[in-house]
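Peer 1: To start, I am sharing the structure in question, which I have written as structure tokens.
Values in this text are rule-based calculations from the coordinates and carry no lab data. From a predicted model like this one, the values you see are computed outputs, not experimental measurements. Virtual Cβ from ideal backbone geometry, glycine too; neighbours counted across all protein chains shown.
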Amino acid sequence: MSDDKRLDNENLEEEIKKDETKDETIDKEEVTEEEAEDVLDEEGNLNVDLLMESYDKETSKLRKLKGVLSKVVMVIAIAMSTFHLYTAGFGTLLSYRQRSLHIIFAFIIGLFLYPSSKKSSKEKPAIFDFVLMGLAIVVFGYIFLFPEQMALKGGNATTIDLIFGSIAILLTLEVTRRVVGPELPIVAIVFLSYAYFGPQMPGILAHRGFSLTRIVSHMYMGLEGIMGIPIGVSATFVFLFILFGSFLDKTGVGKFFIDIAFGLTGHVKSGPAMTAVVASGFMGSISGSSVANTVTTGAFTIPLMKKTGYKPYFAGAVEAAASTGGQIMPPVMGAAAFIMAEFTGISYLQIIIAAAIPAVLYYFAVGTMVHLEASKLGLVGIPREKLPKVSKLLLTRGFLLIPLVSVVYFLISGNTPTLAAFKAIIISMIVAIIAALVRRDGSFTFKDFLGALEAGAKGSVGVACACASAGMIVGVVTLTGLGLRIAEIIVTVAQGNLLLTLFFTMIASIILGMGLPTTAKYIVLATMAVPALLKLEVNLLAAHLFILYFGVVADITPPVALAAYAGAGIAGSNSMKTGFQALKIALAAFIVPYIFAINPELIMVKEIVGTTVVFIPFIQALPVILSAVIGILCLASSVEGYLIKKTNIIERVLLGAAALMLLNPGYLSDAFGLAALVGTYLFQKMQIKRDKAKVA
């Protein structure tokens, strides 16, 4: 790409800094200078790692190991990745063995990297940490060595089983508390208490209760507790896709996505803001982490948005809202999608096909809000001559897409997600090595290869811990039948009304999502809320996608909106204001899950026969998709207060009412929504012409 046609990102960032330091003042809605400096390195540049530590729950508590200890953890992490790569390519072990070894690796790395409290040493583990590592090896190594005996005992625990089981439960809660935070262990403890205190529970929640021996054996020895489906998915599909993302990161695909998005959208009215939406969609499809996505793409897009004329809090909110959608964006989505496949019995490929349209509509909704805001502010895009050319980017770096395309191809070809990820990792290594040899620039070395293995293992620890603890929650639900009881309560409170049931489920999804990681909140909701939706004949896949969709939105829902707070850290804006703005930007997307829950044609599902989804042709889904698009446009215009000019109160109410009617698509609601949208557009067009005539 020629110098006069290519946007030099470094020069652009320097230009932004000059402009900002020239005359920008920090008003009451911005952070203090000291807070702003917290995310800058010694040279005054944005420190991405520091931002991750500040806003990512897991990264923020990491120890800074040095010397021998650092090397030990690196070796353990590489061994963990090597083990999972081997079993992915040549066959997984027995369930007990695969899962127990996965837990041992994850817990040891977790205990090395995460201190027990703020007062603990940030440079080396304490003696107590090494004791816990030893206990992890013993209690889960016992399962690894004697899997057949575990299966044959059928819950008839010996004294040693009960001792080891009790230690395993306490150990799981402690490591999860360190890595993920206290919220999930607290929820797990509440559920375990419920299993014991069943007779004391009120009304419909009461049950006969279970002894400590029964609870411990169920959680430790069976495949419905710690060793249940969640950790099984973590030990196979999820780990491999996290590792795949780690290898993609080493190849530079993230920077490529940002450049492509910038070249495609930088010239439009909403310019860098639309770039943030598109780039975050690309990145999110392989990332699965709202915070990581916000920080990596936001470090580039947020300063650009501020320079274009967006308020800092709006710039941070756009990036957060766009990044959050990555967890529902195929082909990879988040870890919850793999657990969904196990819970429902529906293949992963069918899940990502069904999730595709809602994910695209989410980004359409966010993009619409961004475009309307840009129009309201009278902003303009960046001249095309200053943007990178997409054609040249594809010619010079298009090979970086090969691994991502290959994983989709392997999934479509009938490979299991584990095998598809394994093959895609191999291809990503080959592509990176060939590119480095051709360029002779050392862009991918053996050190990078080891670094990818290490990063993949470390990145899996949080998911593994969350899955182990969530497995106990699922275990209590299966032991006590709590899921059906909760379903009855929800349906009773909603008086059998589907919209009310969906609304209560949405609120529960968002509230749980504020304190739990996506994987854990999906598992809890799948066992507690989905049965209520199924009672009202909501399609199985639609019900699961509904709770996942709103569980993800919790990452931008104050007061615990971690993705929004990360965006605020980059933008130098007030965290809470950024969080509420991010929620407002995503609000237009709230209409989508209601539509596909009521009418599964939006996810192209006709019916589910056993575990096979019967899809309808895309053309048949078009009417419902158009309903959703009209609903999004109506809701976005109502919330933003702008269509082609500022809307008055009557127009906003009319558009809002039309959006609500479109929750249940039909000829009448579609006609009303279209009439409201077109009518408002024509009326505003006429007003604009009249105003121009007056000026003339």
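Peer 1: How big, on average over all directions, is the shadow cast by the Cα convex hull of segment 59-225, in nm²? Mind showing how you got there, number by number?
Peer 2: Details: hull surface 47.3 nm².
Over every viewing direction, the Cα hull of segment 59-225 projects on average to 11.8 nm².
Peer 1: Can you sort 99, 652, 178 from fewest to most other Cβ atoms within 10 Å of each residue's own Cβ? It would help to have the intermediate numbers written out before the result.
Peer 2: Working: 99 32, 652 19, 178 25.
Ascending number of Cβ neighbours within 10 Å: 652, 178, 99.
Peer 1: For a quick protection proxy, order the peptides 544-551, 601-608 by their average other-Cβ count within 10 Å, most packed first. It would help to have the intermediate numbers written out before the result.
Peer 2: Values: 544-551: 27.6, 601-608: 20.6.
For the peptides 544-551, 601-608, the packing ranking is 544-551, 601-608.
Peer 1: Summing +1 for each Lys or Arg and -1 for each Asp or Glu, what net charge is found among the other residues whose Cβ lies under 12 Å from the Cβ of residue 243? Show your work: numbers first, answer last.
Peer 2: On the way: positive: 250, 458; negative: 249, 454.
In short, 0.
Peer 1: How much length is gained on full extension from residue 399 to residue 149, taking 0.36 nm per residue of separation minus their Cα-Cα distance?
Peer 2: Details: separation 250, 0.36 × 250 = 90.00 nm, distance 4.98 nm.
Result: 85.0 nm gained on full extension.
Peer 1: Now for a different question. Could you give each residue of segment 549-566 its phi-based ³J(HN,Hα) in whole Hz, using Karplus coefficients 6.51, -1.76, 1.60 with θ = phi - 60°, and x for Gly or Pro?
Peer 2: 4, 7, x, 5, 4, 4, 5, 10, 10, x, x, 10, 10, 4, 5, 5, 5, 5
Peer 1: Related question: How big is the C-alpha Rg of segment 535-597 next to the rule-of-thumb value 2.2 N^0.38 Å, as a ratio?
Peer 2: 1.34
Peer 1: Highest mean first, how do 501-509, 269-277 rank when packing is the count of other Cβ atoms within 10 Å averaged over residues?
Peer 2: Details: 501-509: 20.2, 269-277: 28.9.
Final packing ranking: 269-277, 501-509.
Peer 1: Here is a further query. I want to make sure I understand the PRE zone here: with the label point 7 angstrom from the Cα of residue 499 toward its beta carbon, which residues in segment 578-609 have backbone N atoms less than 16 Å away?
Peer 2: Residues 590-599 fall inside that zone.
Peer 1: Please give the helix 348-377 orientation as an angle from the longest Cα principal axis of the chain, in degrees from 0 to 90, rounded to the nearest 10.
Peer 2: 40
Peer 1: Give me the percent of Cα-Cα pairs in segment 393-522 that sit more than 17 Å apart, rounded to a whole number. Please report the intermediate quantities before stating the final value.
Peer 2: On the way: 6282 of 8385 pairs.
In whole percent, the long-distance tail amounts to 75.
Peer 1: Can you tell me the relative contact order of segment 379-509? Whole percent, Cα pairs under 8 Å, sequence separation 6 or more. Can you show the working numbers first?
Peer 2: Details: 39 pairs, mean separation 15.1, N = 131.
Once divided by the residue count of segment 379-509, the mean separation gives 11 percent.
Peer 1: Using just the helices of the chain, give the 222 nm mean residue ellipticity in deg cm²/dmol: DSSP H runs with n ≥ 4 each add -39,500 (n - 2.57), and the total is spread over all residues, rounded to 500.
Peer 2: On the way: 33 runs with 494 residues, N = 696.
Counting only the DSSP helices, I get -23000 deg cm²/dmol.
Peer 1: Follow-up question, since we're still on this one. For residue 380 and residue 190 in one chain, what is 0.36 nm times their gap in residues minus the Cα-Cα distance, to one decimal in nm? Don't jump to the answer; show the numbers that get you there.
Peer 2: Values: separation 190, 0.36 × 190 = 68.40 nm, distance 5.32 nm.
Result for the pair: 63.1 nm of gain on full extension.
Peer 1: When the scattering of the chain is computed by the Debye formula from its Cα atoms alone, each counted once and equally, what is log10 I(q)/I(0) at q = 0.10, 0.11 Å⁻¹?
Peer 2: The Cα Debye sum returns log10 ratios of -0.99, -1.20.
Peer 1: I've got another one for you. Can you check what the net charge comes to around residue 530, using other residues whose Cβ is under 15 Å from the Cβ of residue 530 (Lys, Arg +1; Asp, Glu -1)? Please list the in-between numbers first.
Peer 2: Values: positive: 485, 521, 535; negative: 342, 488, 537.
Charge balance in the 15 Å sphere: 0.
Peer 1: Counting alpha carbon pairs within less than 8 Å and at least 6 residues apart, what relative contact order, in whole percent, applies to the chain? Don't jump to the answer; show the numbers that get you there.
Peer 2: Values: 1159 pairs, mean separation 122.2, N = 696.
Rounded, it is 18 percent for the chain.
Peer 1: Something else: Beyond a 29 Å Cα-Cα separation, which of these cross-linked pairs lie in this structure: 119/577; 66/447; 386/689; 306/584; 535/606?
Peer 2: Result: 119/577; 386/689 exceed 29 Å.
Peer 1: Next up: Using the Cα centre of segment 617-696 as the reference point, and only Cβ charges (+1 on K/R, -1 on D/E), how large is the resulting charge dipole? Debye, rounded to the nearest 20. Don't skip to the end; give the middle numbers.
Peer 2: On the way: 8 positive and 4 negative charges, 106 e Å.
Taking the Cα centre of segment 617-696 as origin, the dipole is about 500 debye.
Peer 1: Cross-link candidates for residue 153: which lysines have Cα within less than 19 Å, leaving aside residues fewer than 8 places away along the same chain?
Peer 2: Filter leaves no residues.
Peer 1: Over segment 585-696, what is the mean sequence separation of C-alpha contacts under 8 Å (at least six apart), divided by residue count, expressed as relative contact order in percent?
Peer 2: Working: 121 pairs, mean separation 28.4, N = 112.
Relative contact order comes out at 25 percent.
Peer 1: Rounded to the nearest 0.05, what FRET efficiency do residue 668 and residue 645 have when you use their Cβ-Cβ distance and R0 = 30 Å? Working shown, then result.
Peer 2: On the way: r = 29 Å, r/R0 = 0.95.
After rounding to 0.05, the efficiency reads 0.55.
Peer 1: In the chain, if the dipole is taken from +1 on Lys/Arg beta carbons and -1 on Asp/Glu beta carbons about the Cα centre, which of 210, 500, 185 is farthest to the positive end?
Peer 2: Checking the options against the dipole of the chain, the answer is 500.
Peer 1: Turning to a different aspect of this structure: Between residue 478 and residue 118, what is the spin-label point distance in nm, taking each point 7 Å from the Cα along the Cα→C-beta axis?
Peer 2: For the pair residue 478/residue 118, the computed spacing is 3.9 nm.
Peer 1: Which residues' amide hydrogens lie under 5 Å from the amide hydrogen of residue 646, considering only partners 5 or more residues apart or on another chain, with H built in the peptide plane?
Peer 2: Placed amide hydrogens put nothing under 5 Å from residue 646.
Peer 1: My understanding is that a pair violates if its Cα-Cα distance is over 19 Å; which of 307/645; 61/122; 64/458 do that in this structure? Present the calculation step by step, with values, prior to reporting the outcome.
Peer 2: Details: 307/645 24 Å; 61/122 9 Å; 64/458 13 Å.
Result: 307/645 exceed 19 Å.
Peer 1: Continuing with the same structure: Just want the ordering: 465, 634, from fewest to most Cβ atoms lying within 10 Å of their own Cβ.
Peer 2: Details: 465 32, 634 28.
Ascending Cβ contact count within 10 Å gives the list 634, 465.
Peer 1: OK, next. In nanometres, what is the gap between the two model label sites at residue 360 and residue 392, each 7 Å from Cα along Cα-to-Cβ?
Peer 2: My value for the distance between the label points is 3.1 nm.
Peer 1: Going highest first, how would you order 75-86, 622-633 by mean Cβ packing within 10 Å? Working shown, then result.
Peer 2: Values: 75-86: 19.2, 622-633: 21.0.
Going by the mean number of other Cβ atoms within 10 Å, highest first, we get 622-633, 75-86.
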